[in-house]
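This report refers to the structure that appears directly beneath it.
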Amino acid sequence: MTLKGVAFDLDGVLTDTARAHYRAWKKLADSLGIPFDEERNEALKGVDRMGSLALILGDRPAYDLTERQRLAARKNDWYLEEIAHFGPADLFPGARAALEQCRAAGLGIALASASRNAPLLIARMQVADLFDAVIDPASLAAGKPAPDIFLAAAAVLGVHPAAMLGVEDAPAGVQAIHAAGMKALGVGTRAALPDADWIIPAIRDFDLAAYSA
Ligand code: BG6
Ligand code: MG
């Protein structure tokens, strides 16, 4: 089927915020005396804020909902400090060009990020005008790896999921794309994203012509 739309993840695909999220979670885990490292962080990628916190806390019973919300807010404050000075220079090389390739080809473009900070980031990096739609993760019943965010992207663009490409750096994201019935372009390594339909090492390698079904 001819490609008619693309749904981009943000963190780790268009900009290096995956590192910023990691550093903020690491700070929180350290403050609680909970072991956390980059390997454990892999499972958090693409997972929403409270879901990520649940993965860090595991089955520790000491944290009720109010406490969990406080911890999540603290992590977000640290994350906001990390991205306070973000601007266009913080886009990965080739990120704007990838979006422009899609526009030039007449494709619908959606942002399918689990991050509630995504609108702020694309505004600061001055690429907000390149998106036809930004899906609000707060409006969805379930986060990645559920397909909801990618199905919402297809619906708002008016494109059948089978004619959509999803672009992701996280295993949970690739799973969500496939569950939505789309093809998945993985950004990273084949080892990290074994199920992606195509793999590129970084967004600068984005080549739309290669992803038609
Ligand atoms: C995803 C990131 O894009 O957004 C996760 O990969 C992050 O690491 C999630 O936890 C939620 O982000 P936020 O900004 O709403 O806490
Ligand atoms: Mg990501």
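The values are calculated or read from the model by the stated rules, or taken from the named source; none is laboratory data. Computed from a predicted model, the values in this text were never measured in an experiment. All Cβ positions, glycine included, derive from the backbone under ideal geometry; neighbour counts span all protein chains shown. Accessible surface is based on the protein model in full, side chains and every heavy atom, while ligands, DNA and RNA are left aside. Shrake-Rupley method; radii C 1.70, N 1.55, O 1.52, S 1.80 Å.
With an 8 Å Cα cut-off and a minimum separation of 6 or more residues, compute the relative contact order for the chain in percent. Computed over the chain, the figure is 28 percent. Across the options ALA73, ALA54, ALA24, the greatest Cα extent toward the positive end of the charge dipole of the range 18-82 (unit charges at beta carbon of Lys, Arg, Asp, Glu) belongs to ALA73.
Pairs exceeding a 22 Å alpha-carbon distance, out of LYS75/LYS144; LYS4/LYS45; LYS75/LYS183: LYS4/LYS45; LYS75/LYS183.
Based only on Cα atoms, what mean projected area does the convex hull of the range 90-201 have, in nm²?
On the way: hull surface 26.3 nm².
Result: 6.6 nm².
Charge tally around ARG40: other residues with Cβ under 13 Å, Lys/Arg +1 each, Asp/Glu -1 each, net -3.
According to the square roots a ≥ b ≥ c of the eigenvalues of the Cα gyration tensor, what is the shape class of the range 59-148, taking rounded for a/c under 1.5, prolate for a/b larger than b/c otherwise, and oblate for the remainder? The shape class here is oblate. Modelled spin-label separation between ALA73 and LEU120, with each label point placed 7 Å from Cα along the Cα-to-Cβ direction: 1.4 nm. Rounded to the nearest 20, the Cβ-based charge dipole of the range 1-56 about its Cα centre (Lys and Arg +1, Asp and Glu -1) stands at 160 debye.
Computed over the chain, the per-residue total of -39500 (n - 2.57) for DSSP H runs of n ≥ 4 gives a 222 nm mean residue ellipticity of -11500 deg cm²/dmol, rounded to 500. Taking every protein chain into account, the accessible area of the chain amounts to 45 square angstrom per residue (probe 1.4 Å). Beta bridges assigned by DSSP with both partners in the chain are antiparallel in approximately 5 percent of cases. In a fully extended conformation the segment linking LEU55 and SER139 would gain 28.0 nm over its present Cα-Cα distance, using 0.36 nm per residue.
Within the accessible surface of the chain, defined with a 1.4 Å probe on protein heavy atoms only, the carbon and sulfur portion equals 53 percent. Between ALA210 and LEU32, the FRET efficiency from the beta-carbon distance, with R0 = 30 Å, is close to 0.10.
Here the dipole of the chain is about 180 debye; that uses its Cα centre as origin and unit charges on the Cβ of Lys and Arg (positive) and Asp and Glu (negative).
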